[in-house]
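The block underneath contains the structure these notes are about, expressed in structure tokens.
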Amino acid sequence: MHSSDSLGPAADEVRRKVLNLIATGELRPGQKLNAERELAEEFGVSRSTLRQALTSLEISGAVRRLPGRGGGTFISPEKIDRDLSRIVGVPSLLRGQGFTAGTKLISAAVMLADAPTRSALGLSETDHIFDVVRIRLADGQPISLEHARFPAELFPGLLERALGNSLYELLSKHYDTFPDEALEQIELVSATPDEAAILNVEIGAPLLSVTRTTMDVHGRKIEYSHDLFRGDRTRISVRTKGQLPTENEAGSRGRTVELRGG
């Protein structure tokens, strides 16, 4: 494995030049680079040096290298910014960043709440939920696998409605329910064979696992969900605001902060 620290000067210079071409827009997301021989000539380096630079760029996510006919080295697609400071449906998130949003509905069912869902939503063993699994698309390509659960008692007839767009917009339009606060837990996981097939990534590829519990403006727990975002297509951002310490806090060395949307 190559990092920028372990590259030789020539390979690191090639890496920096490619990154600069991406930053200035001369190399565009999805663009296919020339063959290795031509690239080596362009940058004035050996093919082995070029390969070291491309490997480093691939590890960092700047490029993708695909084997076989029609393969080659491609500039990675633009990353989607997942801002945890706001509660917004994925379609709105994508549209706001210039992507065409799409959805594939995998399943929608009513069932008894399992233990994790009961715990998250404060339900009993006899309470039912609506269970919705969908694939989210950005410009026609899978970006996330979404598994959402909603208390059936709060949203009668939910599964009879169109489930292809933002469920938050659906809840606000038909049930006068508006998400107000969300607690999200994020971890990096590796794609299982099924997840890799669904999201069009390699087995073991990094995925961002986001587990979310959402409350409405009345403090009711309205959603418990688990999303898997492609690590190569997603960037997490959080906006935080500093606060001057009070007299009591002046001697403290730090504070524990939970990331909350809303």
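The values are calculated or read from the model by the stated rules, or taken from the named source; none is laboratory data. Quick caveat, the model's predicted, so the values are computed rather than measured. Please note: Cβ atoms are built from the backbone with ideal geometry, for glycine as well, and neighbour counts cover all protein chains shown.
Points to keep in mind about this one:
- Among the residues listed as F130, F178, the single one being surrounded by 19 or more Cβ atoms within 10 Å (Cβ to Cβ) and either under 18 Å from M215 (Cβ atoms) or free of Cβ contacts under 8 Å to residues at least 60 places away in the same chain (or both): F130
- Test: residue in region 87-97 that is of a type in the set (D, E, K, R) and modelled with pLDDT under 80: yes
- Pairs where the first residue, in region 3-32, is over 26 Å from A138 (Cβ atoms) and the second is in a loop (DSSP other than H, G, I, E, B), C-beta under 7 Å, 6+ apart: A10/V45; D12/S4; V14/V45; R15/S4; R15/L7
- Some residue of region 37-60 being in a strand (DSSP E or B) and without any contact (Cβ under 8 Å) to a residue 60 or more places away in the chain: no
- Those residues of region 216-241 which are farther than 17 Å from S144 by Cα, among the β-branched types (V, I, T) and not in a loop (DSSP other than H, G, I, E, B), in sequence order: I222
- Qualifying residue in region 59-75 (condition: of a type in the set (S, T, N, Q), over 30 Å from S209 (Cα atoms) and not assigned by TED's automatic domain parsing to the domain that holds S144): no
- Qualifying residue in region 141-149 (condition: at pLDDT below 95, in contact with an Asp or Glu (Cβ under 8 Å, 6 or more places away or on another chain) and not in a strand (DSSP E or B)): no
- Residues within region 133-143 that are crowded, with 21+ Cβ neighbours inside 10 Å and either farther than 15 Å from I80 by Cα or in contact with a helix residue (DSSP H, G or I) (Cβ under 7 Å, 6 or more places away or on another chain) (or both), tallied: 3
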